[in-house]
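The values are calculated or read from the model by the stated rules, or taken from the named source; none is laboratory data. Keep in mind the model is a prediction, meaning the values are calculated, not measured. For neighbour counting, all protein chains shown are included, and Cβ atoms are generated from backbone atoms with ideal geometry for every residue, glycine included.
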Amino acid sequence: MATFSPFAAYYRITWNLTTPNNYTGSNSTGGGINPFNSRQYHSMIATTGNVDVSGGYGGSTGDELLLNGYIIGPFTNGDTVPTIVQRFNTMSNWTNIMASTDINPKYITLSCAYPSVQTAITLANYVGTPLASLGFTAGSFTYPNPIYGGTFTAPTNNQNIVVNGTTITFTTAGGLSLSGVCSTINSVTGVTDVVATPAAGNVQLNSASNSPIYILSGTATSGLGFTNGTAYAGAMTYTDAVEDEQGFLRWKYVASGIESLVTPNYYAGVSYSNTTVQSTNGVNPPAQFSWTLGVDHIDALTTVTLTGEPEGAGVQLSGPACVKRLISRALTNSYTENCNVYNPNIAIAGSSVIAFNTSQMVTQSITAGALDVTGNINLIEQNLTVTQIYNV
């Protein structure tokens with residue numbers, strides 16, 4: 001008696017937003033393809049190292065660290081930034097954390113990997129002291145919605161900043177370096193609800209309760225990279241949030257297009273990068289976006305071209321060419337849905353900030369415009385790479 005055995009296959013899919021055809025610009029095509037919606041970006045846990053690794057990994061060959069209980073490494077002295085990032089991302093499916101250089105190309109940023117946005121980032125040295133070499137601190141980082149200060153300049157003795165109504169004074173006793181400033185801010189977290197972390201040579205602020213942070217005044221404010229009289233609810237503007245929702249709609253319907261033909265057994269392994277900084281907090285859509293598709297039956301990946309497509313109707317496409325076509329068809333359509341959009345707008349009342357609604361979300365009809373027309377589907381596919389990476 002014959003025993004049925006499926007022939008599974010896995011494909012790595014990469015979408016480039018700008019190469020060779022630039023699908024950015026107007027709001028109708030904003031957002032590209034994006035695995036996270038605006039609320040998820042607002043809830044994203046992310047932390048950035050405070051050691052410049054652009055000259056290569058400065059620790060010892062053989063160093064290893066633990067990220068959420070899994071070994072990362074071994075590192076090699078002189079590892080380049082892309083190699084360091086890859087060492088983390090090889091384990092993303094298990095750690096639920098991805099590495100990038102989205103905040104600064106010289107520093108490593110760790111953030112939650114798709115589909116999670118609320119996974120704690122727990123780090124420990126395992127062999128050697130790689131955390132010090134990368135600029136991270138042992139322990140768990142659990143704060144969402146990072147707010148990044150501009151260029152850091154050390155304050156002078158007795159300069160101050162007023163955060164959420166509390167005056168914080170920096171002194172030589174507490175330390176005027178970046179680490180000393182962060183420690184001083186953290187000494188009153190119980191009053192301000194604000195946590196400071198050294199990140200890429202600057203100050204990263206997080207609200208312990210994911211609330212807005214109001215910086216009222218202070219002689220040290222500009223040196224810390226912030227602005228007096230400003231309420232920080234996150235780096236995203238409302239325009240950024242709308243673009244994130246547009247990209248997320250396309251991500252959903254790309255998945256739906258693939259599922260119209262096959263039921264994936266795997267649809268994850270996401271990584272992304274940007275040509276500009278701060279895509280980790282939803283400011284800019286990913287410029288390059290990759291993920292892995294797994295199917296149980298490789299023979300099911302066959303489609304026939306439709307009227308209006310460049311080849312004409314009736315041409316059979318299989319394997320990677322079929323995957324490309326399913327994705328590009330989804331991207332030639334416009335999608336409109338009611339979405340819960342993150343709203344960073346807040347009101348200032350005395351020394352406090354108040355969100356216009358408790359969740360800072362607003363329901364709005366969002367349209368994600370088609371990236372191109374059916375007749376130009378071949379141009380969309382020039383920005384897509386699909387590679388079969390494994391079959392069983």
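Among the residues here, Asn202 qualifies as within 22 Å of Gly282 (Cβ to Cβ) and either at pLDDT 95 or above or assigned by TED's automatic domain parsing to the domain that holds Leu224 (or both). Can you name the residue in segment 346-366 that is farther than 14 Å from Ser211 by Cβ and exposed (fewer than 15 other Cβ atoms within 10 Å of the Cβ) and, of all such residues, is modelled with the highest pLDDT? The qualifying residue modelled with the highest pLDDT is Ser365.
Whether any residue in segment 44-54 is touching an Asp or Glu at 6+ places or on another chain (Cβ under 7 Å) and either assigned to a loop (DSSP other than H, G, I, E, B) or of a type outside the set (D, E, K, R) (or both) is what I want to check.
Residues of segment 44-54 touching an Asp or Glu at 6+ places or on another chain (Cβ under 7 Å): none.
Within segment 44-54, not a single residue is touching an Asp or Glu at 6+ places or on another chain (Cβ under 7 Å) and either assigned to a loop (DSSP other than H, G, I, E, B) or of a type outside the set (D, E, K, R) (or both).
In segment 132-162, the residue that is surrounded by the fewest Cβ atoms within 10 Å (Cβ to Cβ) out of those that are under 27 Å from the mean Cα position of the chain (by Cα) and hydrophobic (A, V, I, L, M, F, W, C) is Ala138. Condition first: surrounded by 15 or more Cβ atoms within 10 Å (Cβ to Cβ) and among the small types (Gly, Ala, Ser). Now tell me which residues in segment 50-86 satisfy that. Hits for segment 50-86 are Gly58, Gly59, Ser60, Gly73.
In segment 20-42, the qualifying residues are those that are small (Gly, Ala, Ser) and part of a loop (DSSP other than H, G, I, E, B), and the one that is modelled with the lowest pLDDT is Ser26. Scanning segment 80-105 for residues that are touching a residue at least 24 places away in the same chain (Cβ under 8 Å), part of a loop (DSSP other than H, G, I, E, B) and either within 17 Å of the chain's Cα centre (by Cα) or within 18 Å of Leu123 (Cβ to Cβ) (or both) turns up Met91, Asn96, Thr101, Asp102, Ile103, Asn104, Pro105. Check segment 202-214 and report whether any residue there is in a loop (DSSP other than H, G, I, E, B) and either over 20 Å from Ala355 (Cα atoms) or among the acidic types (Asp, Glu) (or both). There is no residue in segment 202-214 that is in a loop (DSSP other than H, G, I, E, B) and either over 20 Å from Ala355 (Cα atoms) or among the acidic types (Asp, Glu) (or both).
Within segment 337-352, the residues that satisfy the criterion of being over 21 Å from Gly282 (Cα atoms) and in a loop (DSSP other than H, G, I, E, B) are Gly350, Ser351.
Within segment 226-241, the presence of at least one residue that is at pLDDT 95 or above, outside the structural domain of Asn383 (by TED's automatic domain parsing) and surrounded by 15 or more Cβ atoms within 10 Å (Cβ to Cβ) is confirmed. Restricting Ala235, Ala231, Ala220 to those that are in a loop (DSSP other than H, G, I, E, B) and touching a Pro at 6+ places or on another chain (Cβ under 7 Å) reduces the list to Ala220.
Criterion first (outside any loop (DSSP other than H, G, I, E, B) and either assigned by TED's automatic domain parsing to the domain that holds Ser116 or touching a Lys or Arg at 6+ places or on another chain (Cβ under 8 Å) (or both)) does Asn77 satisfy it?
Details: outside any loop (DSSP other than H, G, I, E, B): no; either assigned by TED's automatic domain parsing to the domain that holds Ser116 or touching a Lys or Arg at 6+ places or on another chain (Cβ under 8 Å) (or both): yes.
So Asn77 does not fit the description; no.
Let's see how each residue does on (1) in contact with a helix residue (DSSP H, G or I) (Cβ under 7 Å, 6 or more places away or on another chain); (2) at pLDDT 95 or above; (3) aromatic (Phe, Trp, Tyr):
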{"site": "Gly49", "(1), (2), (3)": "yes, yes, no"}
{"site": "Tyr57", "(1), (2), (3)": "yes, yes, yes"}
{"site": "Gly62", "(1), (2), (3)": "no, yes, no"}
{"site": "Asn68", "(1), (2), (3)": "yes, yes, no"}
{"site": "Ile71", "(1), (2), (3)": "no, yes, no"}
{"site": "Gly78", "(1), (2), (3)": "no, yes, no"}
{"site": "Val85", "(1), (2), (3)": "no, no, no"}
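Among the numbered conditions (1) assigned by TED's automatic domain parsing to the domain that holds Tyr335; (2) farther than 25 Å from Arg39 by Cβ; (3) among the aliphatic types (A, V, I, L, M), the only one that Ile185 does not meet is (1).
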